[in-house]
Amino acid sequence: MIKSRIIVAEDDPITRMDICEILIAAGYTVVGDASNGLQAIDLCRKHKPDLVLMDIKMPKLDGIQAGQIIMKENLVDALIILTAYSGKEFIEKVKTLGALGYIVKPIDEAKLIPQIEIAISKGKEIRDIEAKVINADKKLLNTTTIYKAKEILMEKFNLSEDDAYKKMRGLSMDKQCSIVETSKSLIDFYYNKK
């Protein structure tokens, strides 16, 4: 089993040490610990962890601000907020952040480990879905590009759809490039020619 890599951002050194010890004892790899939001961001940029445990109230940059940057830059799969506050205003801020967990202190292993497991699992699931969406968008764009190039050849040379595709395939083989690259070249050539 691959150990999940975690960063702990907590300004209280005793609490931070306790959390790190719980994580290590549970088999996780703590790749860094931070006492403020700026350090947390730097550590995330350096290590790209699976999960960040982030305290809300920290000096220099609080957990919400740091979390926004970390999530915006896609530096982590999952974020769990740690806090001594359970007020609605904090929960609302955390919901807009995209965090996958909210743990009210004091922290104990019985509360922490299940939250971590669920957050890491859901974080990876979200990343997989995002990758599939990006891949589907790319395939759709490529299909649209090929179709557009086929239409140009059909119109310019009075070819059937099948013959236009064969011509594109032949051009791709001659140029030793993908049919998508050939399609883009054809589109650029005929549209820039106008």
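Could you please let me know if ILE120 is open to solvent by less than 50 Å² (accessible area, probe 1.4 Å), touching a residue at least 60 places away in the same chain (Cβ under 8 Å), in a loop (DSSP other than H, G, I, E, B) and at negative phi? In short, no. Being open to solvent by less than 70 Å² (accessible area, probe 1.4 Å), within 14 Å of GLU117 (Cα to Cα), out of contact with any Leu (no Cβ under 7 Å at 6 or more places or on another chain) and β-branched (Val, Ile, Thr) is a property that THR29 has. Taken together, the residues in segment 39-51 that are open to solvent by 30 Å² or more (accessible area, probe 1.4 Å) and touching a helix residue (DSSP H, G or I) at 6+ places or on another chain (Cβ under 7 Å) amount to 0.
Rundown of residues vs (1) out of contact with any Asp or Glu (no Cβ under 7 Å at 6 or more places or on another chain); (2) without any contact (Cβ under 8 Å) to a residue 12 or more places away in the chain; (3) part of a strand (DSSP E or B), yes/no style:
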| site | (1), (2), (3) |
| --- | --- |
| VAL8 | no, no, yes |
| THR15 | yes, no, no |
| VAL31 | yes, no, yes |
| GLN65 | yes, no, no |
| ILE70 | yes, no, no |
| LEU82 | no, no, yes |
| GLU89 | yes, yes, no |
| GLU92 | yes, yes, no |
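Give all pairs with beta carbons closer than 9 Å in which a residue from segment 159-185 that is surrounded by fewer than 17 Cβ atoms within 10 Å (Cβ to Cβ) meets a residue that is of a type in the set (Asp, Glu) and at pLDDT 90 or above; count only pairs at least 6 apart in sequence or on separate chains. Partner pairs satisfying both residue conditions: GLU161/GLU151; LYS175/GLU181. Of the residues making up segment 127-137, at least one is of a type in the set (Lys, Arg), in contact (Cβ under 8 Å) with a residue 24 or more places away in the chain and surrounded by fewer than 16 Cβ atoms within 10 Å (Cβ to Cβ). Could you go through segment 104-117 and let me know if any residue there is open to solvent by 60 Å² or more (accessible area, probe 1.4 Å), touching a residue at least 40 places away in the same chain (Cβ under 8 Å), among the charged types (D, E, K, R) and not in a loop (DSSP other than H, G, I, E, B). Yes: segment 104-117 contains one or more residues that are open to solvent by 60 Å² or more (accessible area, probe 1.4 Å), touching a residue at least 40 places away in the same chain (Cβ under 8 Å), among the charged types (D, E, K, R) and not in a loop (DSSP other than H, G, I, E, B). Only one entry in LYS88, LYS95, LYS72, LYS122 is closer than 19 Å to SER4 by Cβ, modelled with pLDDT under 95 and out of contact with any helix residue (DSSP H, G or I) (no Cβ under 9 Å at 6 or more places or on another chain), namely LYS122. Counting only residues that are closer than 19 Å to VAL76 by Cα and either among the acidic types (Asp, Glu) or surrounded by fewer than 16 Cβ atoms within 10 Å (Cβ to Cβ) (or both), segment 89-103 holds 3 of them.
Within segment 52-78, the set of residues being on the phi < 0 side of the Ramachandran plot, surrounded by fewer than 24 Cβ atoms within 10 Å (Cβ to Cβ) and charged (D, E, K, R) comprises LYS57, ASP62, LYS72, GLU73, ASP77. Screening the candidates MET58, MET54 for the property of being under 19 Å from ARG127 (Cβ atoms) and touching a strand residue (DSSP E or B) at 6+ places or on another chain (Cβ under 9 Å) yields one hit, MET54.
Of all residues in segment 143-151, none are small (Gly, Ala, Ser), open to solvent by less than 90 Å² (accessible area, probe 1.4 Å), free of Cβ contacts under 8 Å to residues at least 12 places away in the same chain and more than 16 Å from SER4 (Cα to Cα).
The values are calculated or read from the model by the stated rules, or taken from the named source; none is laboratory data. The shown structure was predicted, so the numbers you read here are calculated from the model rather than taken from an experiment. Don't worry about glycine lacking a Cβ; one is built from the backbone with ideal geometry, like all the others, and counts go over all protein chains shown. In case anyone asks, the SASA skips ligands and DNA or RNA and just uses the protein heavy atoms, side chains included. Shrake-Rupley method; radii C 1.70, N 1.55, O 1.52, S 1.80 Å.
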